[in-house]
Amino acid sequence: MNISVIGAAGGVGRRVVAQATAAGHAVRALIRTPEQADMVSLHGASPVQGDLTGEWEAVLDGADAVVWAAGGGAGGNFQAIDGDALIRVADTLLARGPRRLVVVSSMGVDRPEQMPPFLGDVLRVKAQSDAHVQHSALDWTVVRPGGLTDEPGTGLVHVASTAGRGSIPRDDVATVVLACLGDPATVGQTFEVVSGNDAVAGALAGLGS
């Protein structure tokens with residue numbers, strides 16, 4: 001599969017790049033700096049320099065699927081990235097393809113009032129862009145992980161529409177994202193994911209039950 005990763009230099013994005021290339025996929029990785037280009041190249045990906053607030057569409061060339069792993073962060077320019085840019089990406093995919101999009105979002109997007117106060121604004125912005133994707137004609141999946149850690153992945157997760165508070169290694173989020181790309185049954189699904197006791201494939205298989 002030819003996969004384009006947007007946000008390839010971020011914590012989840014670079015793990016998606018690494019796991020995808022290790023699995024034999026061809027990856028085009030959107031990055032902003034030469035240093036980031038060197039990093040994704042080490043994993044065997046093809047770096048594409050661009051900026052989500054400017055020119056970025058070249059990363060889509062030849063893609064069968066797109067992974068959105070970008071984010072401005074609670075202290076960053078989240079309106080421009082988590083909000084406007086994701087909406088722009090979705091609209092671009094509708095116009096030129098590919099239609100398959102997996103979005104890495106955040107737990108609590110649908111209930112920001114229950115999350116730590118400093119996350120409230122960014123979660124509300126993500127709610128708007130997530131909804132734009134969900135109401136589009138794309139073949140979308142929205143993955144909402146809990147608190148992200150740099151612990152080694154275990155491959156064991158808990159997946160649910162509302163998973164409950166918890167954390168998850170970024171490695172495991174990347175594993176879930178790639179599993180979604182290989183599982184047509186995840187199209188049109190929005191779910192939360194934290195560490196748990198279920199293998200990824202089995203956890204995803206239970207989404208519709």
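Just one of Ser129, Ser106, Ser136 is in a helix (DSSP H, G or I), buried (at least 16 other Cβ atoms within 10 Å of the Cβ) and touching a residue at least 12 places away in the same chain (Cβ under 8 Å); which is it? Full working, then the answer.
Values: Ser106 fails: in a helix (DSSP H, G or I); Ser136 fails: in a helix (DSSP H, G or I).
Ser129 is the lone residue from the list that is in a helix (DSSP H, G or I), buried (at least 16 other Cβ atoms within 10 Å of the Cβ) and touching a residue at least 12 places away in the same chain (Cβ under 8 Å).
Take the residues in the range 1-21 that are farther than 25 Å from Phe78 by Cα and in a helix (DSSP H, G or I); name whichever of them is most open to solvent (accessible area, probe 1.4 Å). I'd like the intermediate steps shown before the answer.
Of the residues in the range 1-21, the ones farther than 25 Å from Phe78 by Cα are 1-2, 18-21.
Remaining after also requiring in a helix (DSSP H, G or I): 18-21.
Values: Ala18: 29, Gln19: 53, Ala20: 0, Thr21: 29 Å².
Within the range 1-21, the match that is most open to solvent (accessible area, probe 1.4 Å) is Gln19.
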Looking at (1) at pLDDT below 95; (2) surrounded by fewer than 17 Cβ atoms within 10 Å (Cβ to Cβ), which is the only condition Gly72 fails? (2)
Please verify whether Asp198 is of a type outside the set (Lys, Arg), open to solvent by less than 10 Å² (accessible area, probe 1.4 Å) and touching a residue at least 12 places away in the same chain (Cβ under 8 Å), treating the condition exactly as stated. no
Which numbered condition Gly24 misses (of (1) over 25 Å from Ser106 (Cα atoms); (2) assigned to a helix (DSSP H, G or I); (3) open to solvent by 50 Å² or more (accessible area, probe 1.4 Å)): (2)
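Restricting attention to the range 145-179, which residues are touching a Phe, Trp or Tyr at 6+ places or on another chain (Cβ under 7 Å) and open to solvent by less than 60 Å² (accessible area, probe 1.4 Å)? Give the derivation first.
Going residue by residue through the range 145-179, those that are touching a Phe, Trp or Tyr at 6+ places or on another chain (Cβ under 7 Å) are 159-161.
Selection gives Val159, Ala160.
The values are calculated or read from the model by the stated rules, or taken from the named source; none is laboratory data. Only a predicted model underlies this, so the values are computations on that prediction, with no experimental measurement involved. Note that each Cβ is placed from the backbone with ideal geometry, even for glycine, and that neighbours are counted across all protein chains shown. Areas reflect the complete protein model, heavy atoms only, side chains present, ligands, DNA and RNA absent. Shrake-Rupley method; radii C 1.70, N 1.55, O 1.52, S 1.80 Å.
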